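This report refers to the structure that appears directly beneath it.
The values are calculated or read from the model by the stated rules, or taken from the named source; none is laboratory data. Nothing here was measured: the structure is a model prediction, and the numbers come from that model. Calculation scope for accessible area: heavy atoms of the full protein, side chains included, ligands and nucleic acids excluded. Shrake-Rupley method; radii C 1.70, N 1.55, O 1.52, S 1.80 Å.
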Amino acid sequence: LATALAANHVLEALDMWECGISGAGAEAIAVALKGRHDGLRTLELRGNAMGDRGARAFAALLPTNKPLSTLDLLNTGVSAEGRALLREGLRKAASLPYMVLFEDAIGPHQQRTSWEEKGQKNAP
């Protein structure tokens with residue numbers, strides 16, 4: 001998949017919900033998109049166990065990937081540390097207005113979904 005993404009410059013949206021993508025897989029996707037992809041606008045990786053390894057890779061991608069406008073990382077096992085990295089990447093992002101995170105590292109009774117918008121946080 002990562003090799004195909006690196007070579008494909010016309011794909012605009014990729015929905016990979018619950019596809020068993022690990023941290024290493026998410027990292028490979030982020031590396032493939034870094035500085036090489038000029039068409040992907042929406043990437044949805046919801047329900048994959050990418051954890052902080054994937055979060056770290058996407059945090060590094062965000063400031064350099066201009067076409068990406070929506071990144072859905074809902075329920076991906078990202079810890080508070082990984083979310084902090086993603087927020088920093090989002091702050092530096094050239095064009096990413098929407099990121100979805102599931103704050104699953106704060107305990108089962110405190111789980112909530114947060115929409116991160118560039119410049120502000122809207123979470124219940």
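Heavy-atom accessible surface of segment 1-65, averaged per residue, reaches 47 Å², computed with a 1.4 Å probe. Residues whose amide H comes within less than 5 Å of that of ASP72, counting only those at least five positions distant or on another chain, are LEU43, GLU44, LEU45, VAL100 (H built at 1.01 Å from N in the peptide plane).
Distances between placed amide hydrogens fall under 5 Å for ASN48 paired with GLU18, all partners being 5 or more residues away or on another chain.
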